[in-house]
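The values are calculated or read from the model by the stated rules, or taken from the named source; none is laboratory data. What you see is a predicted model, and the numbers here were worked out from it, not measured in a lab. Note that each Cβ is placed from the backbone with ideal geometry, even for glycine, and that neighbours are counted across all protein chains shown.
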């Protein structure tokens with residue numbers, strides 16, 4: 001089975017879990033962006049173009065369940081994934097903490113992009129203190145779940161995740 005098919009299946013699975021399970025498991029009122037975490041992982045492992053396509057696909061699938069304009073999540077996910085893919089090219093060796101860090105930062109960037117573009121396009125999205133709180137909570141949730149999505153995605157694309165070893169054993 002090709003990488004595209006495996007990533008598409010994983011993206012579909014993560015979006016379904018995101019819209020069916022995580023609304024019942026809110027953290028500080030926010031739900032994680034599993035499609036975004038998939039996009040960030042693809043950007044980190046396969047580069048900006050693959051992340052752009054993955055982000056657009058998973059974001060568009062997620063948009064089908066939202067009341068906001070179609071394509072808003074797709075744009076936010078695609079731009080964030082592309083940025084991660086571009087920035088990753090300068091990283092020679094990644095430390096263990098990179099997946100939670102990328103998950104949290106990407107959650108903030110994509111959430112802010114979603115809100116700003118939503119406000120500019122006239123969608124029913126408001127930039128209030130509660131919005132800022134939700135963006136922070138969603139970024140924290142993404143940070144917690146990022147290592148699990150990173151490992152799952154690396155297995156799906158055929159890369160073995162780096163083993164967790166002691167610092168002196170490297």
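Among the residues making up region 42-82, none is on the phi > 0 side of the Ramachandran plot and either touching a strand residue (DSSP E or B) at 6+ places or on another chain (Cβ under 8 Å) or in a helix (DSSP H, G or I) (or both).
Inclusion of residue 137 among residues that are touching a strand residue (DSSP E or B) at 6+ places or on another chain (Cβ under 8 Å) and either surrounded by 15 or more Cβ atoms within 10 Å (Cβ to Cβ) or modelled with pLDDT under 85 (or both) is warranted. Could you go through region 37-44 and let me know if any residue there is surrounded by fewer than 21 Cβ atoms within 10 Å (Cβ to Cβ) and either free of Cβ contacts under 8 Å to residues at least 60 places away in the same chain or over 20 Å from residue 136 (Cα atoms) (or both). Checked region 37-44: no residue is surrounded by fewer than 21 Cβ atoms within 10 Å (Cβ to Cβ) and either free of Cβ contacts under 8 Å to residues at least 60 places away in the same chain or over 20 Å from residue 136 (Cα atoms) (or both). Only one of the numbered conditions (1) assigned to a helix (DSSP H, G or I); (2) surrounded by fewer than 16 Cβ atoms within 10 Å (Cβ to Cβ); (3) in contact with a helix residue (DSSP H, G or I) (Cβ under 7 Å, 6 or more places away or on another chain) is not met by residue 110, and that is (2). Every condition in (1) without any contact (Cβ under 8 Å) to a residue 24 or more places away in the chain; (2) closer than 21 Å to residue 157 by Cα holds for residue 77 except the one numbered (1).
Among the residues making up region 67-83, those that are surrounded by 14 or more Cβ atoms within 10 Å (Cβ to Cβ) and at pLDDT below 90 are 68, 69. A search for C-beta distances below 6 Å between a residue of region 97-112 that is closer than 27 Å to residue 128 by Cβ and any residue that is surrounded by fewer than 24 Cβ atoms within 10 Å (Cβ to Cβ), counting only pairs 6+ apart in sequence or on different chains, returns 103/143; 104/139; 104/143; 107/139; 108/139; 111/135. Tallying residues that are surrounded by 13 or more Cβ atoms within 10 Å (Cβ to Cβ), part of a helix (DSSP H, G or I) and without any contact (Cβ under 8 Å) to a residue 12 or more places away in the chain within region 9-28 yields 2.
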